[in-house]
Every structure is written in structure tokens, then in C-alpha cells.
Amino acid sequence: MALVLGGVFVFRKVNSTYFQPLRNDNGRINLLFLGINGSGGEDKDLTDTIIFASVNQNVNKITFLSVPRDVWIESLKAKINAAYHFGGIDLAKKTISEVLDQPVHYYAVLNFDSFEKIIDFLGGVEVNVERAFDDYKFPIAGKEKDLCNGDRQLKCRYEHLRFEAGVQIMDGKTALKFARSRNAAGVEGNDFSRSARQQKILLGIKNKLTDSKFYEQPEKAIELLQLLQREVVTDVKPEIYGSLAFLGYDLNKKGVSIEPSVLNGNLLINPKYHYSRQWVLVPKDKDFQRIHEFVKNLLD
């Protein structure tokens, strides 16, 4: 690892092409991660996953904040997960900024297939499953309209998922199911727990990327970079690759703290009346001011 980092330091001195300054606000860099189906169906570009990540260089802290996809956005007359569908990344960034009252400096959009490829390339990720749970209604891709030979319960459209509690290594397919499951019995069946599980996967990826063993094979890092360039839609350009690498190195050297959080039932409620006949979440106080204050305190 020392050889690799030493080489990067030398490279930085002779070539500034990849070390342009990172966009930030007073030392804080905000990133928006969006996960989409991408399979070509009607919901191909609805954002199944919305995670706002903020890197505070001043205090060496990374905050992960998950935003449930069912948050109602009055200006769109739709849920927040439709912002990307209606207006692409520009509308998605604008909407998340309005909800959180924070700027978005960079974004990354990843579909399900690409998610699996990246995790499999890393050799799986370690995840701590806090509670065992069963999901008997996890949708099987391609069977959304199957009539199941007249079965009124349409059981053929679903598979049974079972996750045991404890630390385990998940491959891409398993990690995707863990992150997407939303019909489990009990606590794990709500969107807040689902958002927390998605953060666990993201943390597992982060741990793999910052493990010194990963850098003992420089060609592996290059292959991963090429994979990310093919699979991820992002405004992270080659001009800042070096700066991002140094940021990660510096944070780990100083001892970065990770703070996961979710916009949950303390801030959002499901109203008794319907919004376009959809199940939605709205702010308890009918506007986002309380959420703005929560986010500000969380990041500071």
C-alpha cells in the first residue's frame, strides 16, 4: 500500500490534471446517490434508493442520510422518487436540496445490474444484519404481470427471502435483495428500516475500498475505476479522481467517523387522507422546516 500511495504522491507533483479542487461549502462536500431499476420497465428510472452523503473535512466525519422514496413533493404532485423520472438529475438535485436545505455538489446514479456487478467485483461486502427477518413477497423480475394460472394470491410473482441475524458476506444479488426488501413482517417491513439496510451496504462498500489489502494490487484498483466509469452515471470527472483519492486517504489516516441517519417517523408521517391515491410520507409539520433544522444539526 505504501508503494501505491507513494507513487500517487509523486504523480501529484508532476501532473495536476487529476487533482482539481473539489466543489464544497466551507469544507463540506455533499454527494447524492440514486439507485434505479434501469431494466426498461415502467419504473426503470424511479429512484428506489436515495442517499445523501456529506463529507465534513473540518471534523473528519461522513454522514449518510437516507430519504424514503415515498416522501410527497407537492410541487411535483408526486413522490420524491419520481423527480429523476420527470426531470433527470437536475430536478432530482433541486428536489433533494429543497427537502434537506443543502446543496448537492456531486451525484452518482446506479442501476440494479451495475450494483450487483460492483459488489461482485469487490468479492462481496460484509454486512451486519441486526435482526433476522422474512419477506414472503419479494417481487421476481419479469413476473410482474404473470397470472399464476389463476391463483388469486399471485404467489408465483414472489419469492421468499430469509435473512439471519449476524455479520455475513453478501454477494451482489444477495445485497440487492437485502437493500430492496420492503414487505418483511415487523419492524424490517417499513421504509425506514429499508433505508437503514441500504446504508449498511454502502458502508460495506466503503470498508472494502478503504481496506489496505485492496491497494496491494494496483491493477485491481484500475479495473474497478474502469468498471465504475462504465456502470455509473455521475458528474465525478477524471479531473478530480486524484483529489478524491487523497480525500479518502486523509480521512482514514486521521480516523474518520461515520454517522448513519434516516428521515424517519419522528419527522415524517403517513397521512390519513390520500395523495393521488398513493401511500405517501409527509412532514409532520406540513412543511420541511423541521427537517431542515434536523439536517443542519446532524451535519454540524
Proportion of all alpha-carbon pairs of region 216-300 beyond 22 Å (%): 58
Sites GLU42 and THR17, calculated FRET efficiency, Cβ-Cβ separation with R0 45 Å, nearest 0.05: 0.60
Pair-distance profile P(r), taking every C-alpha pair of region 88-239, with 10 angstrom steps and integer %: 9, 30, 33, 22, 5, 1
Solvent-accessible surface (1.4 angstrom probe) belonging to TYR136, in square angstrom, nearest 10: 150
Inter-site label distance for ASN270 and LYS77 at 7 Å from Cα along Cβ, in nm: 2.5
Lysines with Cα under 23 Å of LYS208, excluding same-chain neighbours fewer than 8 positions away: LYS61, LYS117, LYS173, LYS177, LYS200, LYS220, LYS237, LYS253, LYS254
Accessible area in the full protein assembly, largest first, 1.4 Å probe, for GLU219, GLU42, GLU126: GLU42, GLU126, GLU219
Heavy-atom accessible surface of the chain: percent carbon and sulfur, 1.4 Å: 52
Coordinate range along principal axes, alpha carbons of the chain, Å, largest first: 67, 42, 34
Computed over region 158-300, the ratio Rg/Rh where both radii use C-alpha atoms and Rh is Kirkwood: 1.02
Value at 222 nm in deg cm²/dmol, rounded to 500, when DSSP H runs of n ≥ 4 in the chain each add -39,500 (n - 2.57): -11500 deg cm²/dmol
Residues in region 252-291 that a label on VAL59 would reach, taking backbone N under 16 Å of a point 7 Å out along Cα→Cβ: 255-261
Options GLY172, LEU209, SER257, ranked by Cα towards positive dipole end of the chain, top entry (Cβ charges): SER257
Shape of region 70-164, Cα gyration tensor, a/c cut at 1.5: oblate
Viscosity 0.890 mPa s, 25 °C: Kirkwood-radius Stokes-Einstein D of region 19-68 over Cα pairs, µm²/s: 194
Potential lengthening between LYS284 and ASP90 on full extension [0.36 nm per residue; Cα-Cα distance subtracted]: 67.1 nm
Share, in percent, of DSSP beta bridges within the chain that are antiparallel, nearest 5: 70
Cα gyration tensor, region 228-278 - rounded (a/c under 1.5), prolate or oblate: oblate
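The values are calculated or read from the model by the stated rules, or taken from the named source; none is laboratory data. All values derive from a computational prediction rather than experimental measurement. Note that we place each Cβ from the backbone using ideal geometry, even for glycine, and neighbour counts take in every protein chain shown. Remember, those area values only see protein heavy atoms, side chains included, never the ligands or the DNA or RNA. Shrake-Rupley method; radii C 1.70, N 1.55, O 1.52, S 1.80 Å.
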